[in-house]
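Structure first, then comments.
The values are calculated or read from the model by the stated rules, or taken from the named source; none is laboratory data. Just so it is clear, the structure is predicted and the values come from calculations on it, not from any experiment. Positions of Cβ are backbone-derived with ideal geometry, glycine not excepted, and every protein chain shown enters the neighbour counts.
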Amino acid sequence: MRNFSSDFRRLIRSLTVVSAITLSSVGVIFGQAVPADTSKTATPAAAGAAAPTGDATAGEALWTANCVSCHALNKRVLGPALAGVNQKYNDEAYLIKWIKNSPAMIAAGDKRAVAIYEEYNKAAMSVFPQFSDDDVKNILAYIQVEGDKKAAAPAATDAGAAASTESGGISDFMLIGLIAVVIIAFLVILVLNRVIGTLERLLLKTDSKVLLEEEEELEGETKDRFAVVKKLAKNKKFVFFVVLAGVITLASFGWMGLWNTGIQTGYQPVQPIKFSHQLHAGTNQIQCQYCHSGAWKSKNASIPSLNVCMNCHKYVQATEKYDGEISPEINKIYSALDYNPETQKYGENPRPIEWVRIHNLPDLAYFNHSQHVKVAGIDCQKCHGPIQTMEEVYQYSPLTMKWCINCHKETEVKYQDNAYYDKVIAAHDKIKKGEKVTAAVLGGLECGKCHY
């Protein structure tokens, strides 16, 4: 107890020293505080900016519906960045003419139009005959307003930082709060010091025999508990029951583990690209065979190559969801292909995407996708579940032998107007007539019967 008291007193002395240093520091800082000069933080307005004549609110809807797939405000996508286009050309009539029908201006030999056409790899801008002059003015007004916002944001940040640096002082409220905290700390230290002294006196007056008796009682109880355990260990019937229950429990868990070996229902690995089937197959209603073309004509459904992705994502970049920037997941496709979206050219260092396989049958099982998809006409959802609702794909079905056999027992064969079963039906007709039927008639000469 005396050692504890000494340690606690040392702690109190340390706290006292720290508090004194804190008070001194506060005084120094308060003495050096300089009031901020807010007159220097104002950001001057951009000079010479062309005032938009349209409605920026109406222009936002037109911009989102017609422009974001090819343009961003502050970054080149398929077309140039459009922030500041009003100041650059300072000719509203020319911009209206260009936006509504740029190919006509290029064909007419307009120098600025031809220069832009050449700079962007001769990628002609779409024609918008549905736009009125007011529609184009609204779009230009939206570009002006949003471009000014994005340009003003860094300036505002710098001004805020400068104001913070120039102020450098401490408010009266902060100073009073610090002083109050230090005073309260001193009071707490004094009270704790009195409490420690009182506890020391009380403990010294306590009879040590009471503590010894309590320790003996606790030791006695511990011995009694071990005695009960030893008594149960000598009971053969109790030991037999415990061993039997343990064997049954372990056997049950072992049987369930063996029965579920290789079953991966619900398996959902993390893929290198967050590809959403819900977006592509659900919202956009893209057919499964567009990407997995092998399911229609071969054993394997096949993983689509990246050139299939680029059929759409060379133009679809989801910039409207990332403040004009290309989606980070689409950028992963560009990176794998060594593709530069600004120049629309491919490099010489492409690499494959390392997708993680989800549905995996053992080598002893033969499964043919075309037999089920093309011949039987079974929907992909029969085995893969509601794939059109999955943000991340997971294994929906157990894919066990029992599951497949039950499906084969329940599924009705649709042989009418099905060329695959024509030979089978013809063979049955021959059998009914008593004619000879060979294995070749039933498709025994097909390579896949032996080689797969």
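Screening Pro352 on (1) touching a helix residue (DSSP H, G or I) at 6+ places or on another chain (Cβ under 8 Å); (2) closer than 30 Å to Gly262 by Cα; (3) surrounded by 12 or more Cβ atoms within 10 Å (Cβ to Cβ); (4) not β-branched (Val, Ile, Thr) shows it passes everything except condition (3).
Of the listed requirements (1) exposed (fewer than 13 other Cβ atoms within 10 Å of the Cβ); (2) in a loop (DSSP other than H, G, I, E, B); (3) in the same structural domain as Met390 (by TED's automatic domain parsing), Asn307 misses just one: (2). For Phe238, indicate whether it is in contact with a Leu (Cβ under 8 Å, 6 or more places away or on another chain), modelled with pLDDT under 90 and not assigned by TED's automatic domain parsing to the domain that holds Gln371. Spelling it out, Phe238 is indeed in contact with a Leu (Cβ under 8 Å, 6 or more places away or on another chain), modelled with pLDDT under 90 and not assigned by TED's automatic domain parsing to the domain that holds Gln371. Kindly establish whether Lys137 is surrounded by 11 or more Cβ atoms within 10 Å (Cβ to Cβ) and either under 18 Å from Gly59 (Cα atoms) or at pLDDT 55 or above (or both). Against the criterion (surrounded by 11 or more Cβ atoms within 10 Å (Cβ to Cβ) and either under 18 Å from Gly59 (Cα atoms) or at pLDDT 55 or above (or both)), Lys137 qualifies.
Pairing each residue of region 405-422 that is under 17 Å from Val441 (Cβ atoms) with any residue that is of a type in the set (A, V, I, L, M, F, W, C) and surrounded by 11 or more Cβ atoms within 10 Å (Cβ to Cβ), provided the two are 6+ apart or on different chains, yields C-beta distances under 7 Å for Tyr415/Ile425; Tyr420/Val375.
Working only within region 121-134, note down all residues that are at pLDDT 80 or above and either of a type in the set (Lys, Arg) or not in a loop (DSSP other than H, G, I, E, B) (or both). Answer for region 121-134, where residues must be at pLDDT 80 or above and either of a type in the set (Lys, Arg) or not in a loop (DSSP other than H, G, I, E, B) (or both): Asp133, Asp134. Within region 314-324, is even one residue buried (at least 16 other Cβ atoms within 10 Å of the Cβ) and charged (D, E, K, R)? Checking region 314-324: at least one residue is buried (at least 16 other Cβ atoms within 10 Å of the Cβ) and charged (D, E, K, R).
Flag: Gly262 does not match the condition of being of a type in the set (Gly, Ala, Ser) and at pLDDT 90 or above.
Restricting attention to region 262-295, the residues that are assigned to a helix (DSSP H, G or I) and loosely packed, with under 15 Cβ neighbours inside 10 Å total 3.
Flag set for Lys345, criterion: outside the structural domain of Ala83 (by TED's automatic domain parsing), basic (Lys, Arg) and in contact with a strand residue (DSSP E or B) (Cβ under 8 Å, 6 or more places away or on another chain). Filter region 302-338 down to the residues that are in contact (Cβ under 8 Å) with a residue 60 or more places away in the chain and among the polar types (S, T, N, Q), then identify the one that is nearest to Ile358 (Cα to Cα). Out of the qualifying residues, it is Gln317. Applying the criterion of at least 1 residues that are of a type outside the set (Asp, Glu), at pLDDT 90 or above and touching a His at 6+ places or on another chain (Cβ under 9 Å) to the helices (runs of 4 or more DSSP H) found wholly in region 351-438 leaves 381-384. In summary, Ala155 fulfils each of the numbered conditions (1) of a type in the set (A, V, I, L, M); (2) more than 45 Å from the chain's Cα centre (by Cα); (3) modelled with pLDDT under 75 with the single exception of condition (2).
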